[in-house]
1. I'd like the residue in the stretch A:298-329 that is under 17 Å from A:Gln151 (Cβ atoms) and in contact with a Ser or Thr (Cβ under 8 Å, 6 or more places away or on another chain) and, out of all such residues, is most open to solvent (accessible area, probe 1.4 Å).
2. Look at the stretch B:81-110 and say how many of its residues are within 24 Å of B:Phe147 (Cβ to Cβ) and crowded, with 16+ Cβ neighbours inside 10 Å.
3. Could you run through the stretch B:110-160 and say how many residues are under 18 Å from the mean Cα position of the chain (by Cα) and of a type in the set (Asp, Glu)?
4. Out of the residues in the stretch B:108-118 that are polar (S, T, N, Q) and either within 18 Å of B:Lys77 (Cβ to Cβ) or touching a residue at least 12 places away in the same chain (Cβ under 8 Å) (or both), state the one that is farthest from the ligand (Cβ to nearest atom).
5. Criterion first (more than 16 Å from the ligand (Cβ to nearest atom) and surrounded by fewer than 21 Cβ atoms within 10 Å (Cβ to Cβ)) does B:Tyr70 satisfy it?
6. For A:Ile36, state whether it is farther than 25 Å from A:Ala242 by Cβ and surrounded by 21 or more Cβ atoms within 10 Å (Cβ to Cβ).
7. Pick out the one residue from A:Lys269, A:Lys319, A:Lys307 that is on the phi > 0 side of the Ramachandran plot and modelled with pLDDT of 85 or more.
8. Check the stretch A:510-530 and report whether any residue there is within 14 Å of another protein chain (Cβ to nearest Cβ) and open to solvent by less than 30 Å² (accessible area, probe 1.4 Å).
Amino acid sequence: MYQAFIFLLAAVVSVPIAKRLGLGSVLGYLLAGTIIGPYALGLVGHNVEGIMHFAEFGVVMMLFLVGLELRPALLWQMRLPILGLGGLQVVLTTVLFSAIGLLLGFAWQTSLAVGLILALSSTAIVLQSMNEKGLMNTEAGQNAFAVLLFQDIAVIPMLALLPLLAMTPSSDVASSIGLSGWQHGLVVLCAISAIIIGGRLLLRPLFRIIASTKLREIFTATALLLVIGIALLMDLVGLSAALGTFIAGVVLADNEYRHELEAEIEPFKGLLLGLFFISVGASINFDLLMQEPLVILGLVLALILVKFTVLIALAKLFKLQTSQQWTFTFALAQGGEFCFVLFSFTSQHHILPEHVTAPLVVVVALSMAFTPLLMIINERWVQPMFVSQQDNDQLPDTIDDGVTQVIIAGFGRFGQIVDRSLTLNGFSTTVLEHNAAQIEYLRKFGHKVFYGDASRQELLHAAGADTAKLLVVAIDDHEKALEIVRICKVHYPHLKLFARASGRIQAHEFHKAGVDVFVRETFHSALNLSEQVMTSLGLHAYDAHRAIRNFRKLDERHVRDIIKLEGDTKDYVSMSQKNRKELEEVLKSDINDIEELEDMQWGEK
Amino acid sequence: MTKILIIYAHPNPQKSRLNKQLAFAARTLDFVTVHDLYQHYPDFDIDVAHEQALLDKADVVVFQHPIYWYSCPSLMKEWLDLVLHNGYAYGKGGDQLTGKRWLSAISTGADQSAYKSDGSHGHELDQFLLPFKQTAHYCAMTFLPPFISHQARQLNDAGIQQQAQQYKTLLNNLYVQL
Ligand SMILES: Cc1cc2nc3c(=O)[nH]c(=O)nc-3n(C[C@H](O)[C@H](O)[C@H](O)COP(=O)(O)O)c2cc1C
């Protein structure tokens with residue numbers, strides 16, 4: 001309890017300050033960690049490692065969320081950067097570090113082991129920082145993600161390989177669970193197939209049942225259960241939990257409950273990741289740093305420089321845009337959280353001696369702490385050099401990156417028409433609907449609909465409210481619609497809001513709440529019908545058309561006039577009467593008469 | 001059995017004096033189809049395929065409309081813009097109107113003397129019709145001498161009936177020549 005209090009307090013105090021100063025939340029957490037850590041205030045006990053281990057689950061959840069955003073097709077599109085860029089990054093960095101190790105006179109086994117471990121970067125820090133800066137959909141973001149993904153996969157063979165480098169023979173992972181190599185491979189294959197097949201076939205009906213109970217906490221529990229279950233399964237077969245949940249995420253990316261899942265997992269991920277960053281900060285061994293400050297800082301610098309060199313060379317080789325090359329490089333030049341895991345693994349298996357791993361852990365932690373700073377340097381001083389260039393080549397990026405432009409809340413009779421007409425014209429929409437049965441039915445017709453209550457901010461967030469251009473509130477529950485509008489006004493002021501109003505009073509309320517455009521749901525169809533009635537009673541179609549046009553214009557002005565009166569009923573009544581009279585006069589006099597006059601004028605000499 | 005198609009463009013047909021009567025007279029002829037554009041497309045959303053199907057059946061196309069600002073009412077311009085497209089009326093493979101005849105049946109507000117170089121409109125009416133004439137030529141149609149009713153609003157009932165009779169006679173003659 002006390003520990004939780006300290007951690008939360010540290011986060012609550014330092015993160016807003018760091019954000020204020022433009023340093024980003026990651027740096028805030030790290031600083032908070034060092035401050036409460038054993039080497040400064042010493043408010044947390046020496047069990048930081050245990051906490052870190054627990055908090056690493058935040059990384060697992062993050063990869064699940066990343067997977068949810070990546071449809072399999074998208075992942076397939078990324079195969080070149082993942083294998084090419086990611087593969088080369090790991091290989092080249094390993095080679096360079098090993099060479100340095102050899103030069104410094106270490107045995108080749110030690111050099112190679114350290115090289116392999118240091119080739120990894122920090123998925124947690126990079127993704128979190130890039131997300132916060134809105135860089136994930138840029139070229140740099142996509143490529144950085146590809147590299148990180150490859151590294152996460154590479155951890156698995158590393159775990160298998162590292163024991164071979166041991167000075168004294170030891171058991172490898174596979175044999176540690178009592179299986180031979182090919183049996184182990186089979187088990188892994190089964191586990192992954194189970195995730196894919198289960199995710200495809202079982203989860204949809206399961207979620208439907210859960211959703212129909214309308215108990216939110218049960219849905220939350222299911223989501224957590226899913227992630228934890230997969231993590232356990234992966235642990236059991238000796239795979240990285242992060243990788244497993246990532247695959248599960250990808251499998252579920254097409255699922256209509258995707259946004260709801262995102263919304264449920266997101267807060268847990270955020271908290272755990274924060275905890276993780278704090279524990280990284282707290283675990284920085286300042287005793288070691290104080291004993292040999294120059295050596296440690298020199299190593300940090302060397303680590304960053306070597307990675308930097310490899311990254312920028314690869315970015316150029318893979319022809320990223322110039323400005324993106326630097327963002328990519330600055331983002332990935334650090335050691336990662338897996339380094340901690342692997343270093344403790346290697347010392348346990350006597351692959352690397354304590355006196356090598358202990359300082360390196362400090363070096364990695366420091367390099368992670370420097371990353372947000374490096375990204376700020378990039379942002380403030382490097383990127384401005386490319387501004388004009390960026391403007392030119394960024395355009396195509398924003399058009400087809402698949403980010404949704406329009407969120408439609410409510411997929412009833414109204415929302416469906418809006419959605420169909422928009423998507424047929426090439427606009428990308430994300431639709432949210434609360435009725436599970438309705439979704440099931442609509443999916444049969446091939447609609448892309450997501451389950452969830454749009455008046456929840458987390459869900460709007462998961463649906464992309466940050467990046468969407470506008471939101472259409474098409475639900476018929478007026479109170480709920482107002483709720484959505486209020487949330488958007490507070491959290492997403494950039495969103496243009498379009499609302500379906502059932503009548504004048506609702507329109508009035510929408511206007512007051514800050515809706516940009518509202519349409520009375522029955523107004524236009526009723527006028528349309530009435531136009532056809534007039535025509536079939538013998539009025540010329542164009543006259544009927546213009547009569548209705550006038551009516552519509554005047555009536556809409558009338559509604560706007562009434563809206564301007566803030567609530568005074570006496571004014572309201574007199575205004576209504578005035579408007580009615582005006583309407584009658586205008587419709588009676590008829591603009592045709594004016595034209596007749598016009599006709600006469602042309603005949604005068 | 002449409003032989004003559006009248007594309008009738010009047011935005012205010014119920015208030016019309018002359019054109020209304022001309023259209024009425026034309027409708028009594030069984031080889032004539034009067035196609036009221038503003039009745040069909042009050043929202044200006046022209047069904048191009050439907051229009052082209054009507055044209056296919058006709059040998060003579062009459063454009064009947066009042067002169068508005070030395071040109072046609074706007075829906076007729078929209079009609080020309082959309083219906084006479086490349087590959088149909090002109091350009092590669094665009095020979096669907098070849099050999100058909102174009103008659104402009106036009107009413108004006110001003111009298112004939114205003115359409116002189118020293119009159120208030122400064123030019124002969126023919127000169128204002130040049131865009132239509134060239135449109136017809138570009139679509140390989142024959143541009144017939146236009147049927148003009150001057151000072152339409154000043155005509156009395158008898159004058160209008162006389163004009164309608166002449167219109168009918170002209171349409172009859174065009175039909176006989178086919
Ligand atoms: C908007 C407008 C523009 C007009 N422009 C012209 C014009 O340029 N020249 C002209 O002689 N008459 C012009 N007129 C008069 C009409 O051509 C004339 O009133 C019409 O031909 C009468 O036919 P109707 O009785 O069938 O409506 C114009 C009339 C209107 C309403």
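The values are calculated or read from the model by the stated rules, or taken from the named source; none is laboratory data. This is a predicted model, so every value here is computed, not measured. All Cβ positions, even for glycine, are placed from backbone atoms using ideal geometry, and neighbour counts span all protein chains on display. The area values use the complete protein model at the heavy-atom level, side chains included, leaving out ligands, DNA and RNA. Shrake-Rupley method; radii C 1.70, N 1.55, O 1.52, S 1.80 Å.
1. If we take residues in the stretch A:298-329 being under 17 Å from A:Gln151 (Cβ atoms) and in contact with a Ser or Thr (Cβ under 8 Å, 6 or more places away or on another chain), then A:Phe308 is most open to solvent (accessible area, probe 1.4 Å).
2. 15
3. 1
4. B:Gln112
5. No, not satisfied.
6. So A:Ile36 passes the test.
7. Of the residues listed, the single one that is on the phi > 0 side of the Ramachandran plot and modelled with pLDDT of 85 or more is A:Lys319.
8. Yes; the residues of the stretch A:510-530 include at least one that is within 14 Å of another protein chain (Cβ to nearest Cβ) and open to solvent by less than 30 Å² (accessible area, probe 1.4 Å).
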